[in-house]
Amino acid sequence: MPAVELDRKAGVALWRQVQDDLRSRIDAEEFVGAFPGEKTLAQEYGVSRQTMRQALRPLRESGVVSAERGRPPQVRTDVIEQPIGALYSLFASVERAGMRQHSHTIALDERCDPEAAQQLALEPTARLVHLARLRFADEAPLALDRVWLPARIAAPLLQADFSHTALYREMAERMGLFPRRGTEVIQAVTLTEAESAQLQTPPGAPAFHIERTGWAEETPIEWRTTLVRGDRFRVSSQFTPTTGFQWGFDATDTDHQPPGPTDLDQISSRRTHASRTHL
C-alpha cells in the first residue's frame with residue numbers, strides 16, 4: 001500500500017496531485033538532505049514511473065529539483081524566485097531568499113548613450129549616469145546589470161558605494177525619488193562566451209534578459225538591462241478565478257508613455273527588438 005494516498009476519484013490528474021504534494025513537502029523543507037529518486041517516489045505514491053516523471057518534469061525544468069546526470073537529485077536552495085506583478089528589487093529578492101547580495105561595480109560614471117537616452121525620452125546627447133555591476137548571491141555570480149539614469153537628477157549616485165546596497169534605496173536617499181511603476185520585458189537568451197565567463201557558466205548557457213523602464217510620475221527615470229543566470233532565477237505568478245491573469249503580447253513598438261493605472265502591478269510583456277549591450 002502506498003505511503004501517500006491519492007484521491008483517484010477527485011477528477012484531478014494523478015501527476016498533478018503528486019506534484020502539488022511534492023511542492024508542499026519541499027516548501028516544508030522535508031528534503032533538505034537529498035531528494036528521493038523517481039522509482040522510490042513512484043512506489044511511495046503508488047503511481048507508474050511515467051506518471052511520476054510527468055509530476056517531476058516542471059520541478060526539474062524550473063530548477064527546483066536538480067537533474068544532473070550521474071548525480072543524485074537535490075532540492076535547489078540557491079534559486080531566487082521573483083513573483084510576476086511587482087516592481088521589485090533584485091537585491092531584496094536575493095536577501096529574502098536567505099542569501100547575501102553583493103556586487104562588483106564594473107562602471108559608475110557619467111556618459112552619453114543615444115540608445116539609452118531614447119529609452120528615457122531624452123535627446124541623444126543628454127548626459128546619463130551609467131552603473132554596471134556584476135551581482136552575486138552569496139559567493140556565486142547571479143546577474144550582469146546595467147542601468148542608465150538622467151544625470152540632471154542622478155548625479156548624486158556617482159558618490160554611492162554599490163557593493164552591498166539596492167539602487168532604489170540609494171535613489172531614495174540621495175535623489176529623493178525612485179521608480180513607482182514601470183514596464184518590464186523578460187526574454188530567454190543564451191549567454192555569449194564573454195557573458196558566460198563573467199557569470200561562471202558554460203558557454204551558451206540559458207539566461208533571462210530583462211529590460212526595464214522605471215517611471216516616477218510621468219517621467220521615465222531608469223532604463224535597465226539585466227542578464228540573470230537561468231539556473232538560479234525563476235519567475236512565478238498567481239491567479240484566481242475572480243482576479244484572472246493577464247499576459248499580453250504586442251509585436252509593435254510603443255511610444256514612451258507611462259503605464260496606465262491598470263499596469264502598476266503587472267508586467268508588460270510586449271516583444272521588443274532592443275539590442276543586448278555586453279558589460
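Structure values in brief
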read-out: Residue count, segment 217-235 (criterion: among the basic types (Lys, Arg) and modelled with pLDDT of 90 or more); value: 2
read-out: Subset of segment 148-162 (residues that are within 17 Å of residue 226 (Cα to Cα) and either assigned to a loop (DSSP other than H, G, I, E, B) or over 25 Å from the mean Cα position of the chain (by Cα) (or both)); value: 162
read-out: Selection from segment 1-54 of residues that are assigned to a loop (DSSP other than H, G, I, E, B) and either surrounded by 14 or more Cβ atoms within 10 Å (Cβ to Cβ) or polar (S, T, N, Q) (or both); value: 4, 6, 31, 35, 36, 46, 47, 48
read-out: Selection status of residue 125, among the hydroxyl-bearing types (Ser, Thr, Tyr), in contact (Cβ under 8 Å) with a residue 40 or more places away in the chain and in the same structural domain as residue 209 (by TED's automatic domain parsing); value: no
read-out: Residue pairs meeting the criteria (Cβ under 9 Å; at least 6 apart or on separate chains; first touching a residue at least 24 places away in the same chain (Cβ under 8 Å) and over 18 Å from residue 196 (Cβ atoms), in segment 129-147; second assigned to a strand (DSSP E or B) and of a type in the set (Asp, Glu)); value: 129/109; 129/110; 131/109; 131/145; 147/222
read-out: Single condition residue 201 does not satisfy, out of (1) among the β-branched types (Val, Ile, Thr); (2) at pLDDT 85 or above; (3) not in a loop (DSSP other than H, G, I, E, B); value: (3)
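The values are calculated or read from the model by the stated rules, or taken from the named source; none is laboratory data. Quick caveat: nothing in here was measured; it's all calculated off a predicted structure. Glycine also receives a Cβ, built like all others from the backbone with ideal geometry; neighbour counts cover every protein chain displayed.
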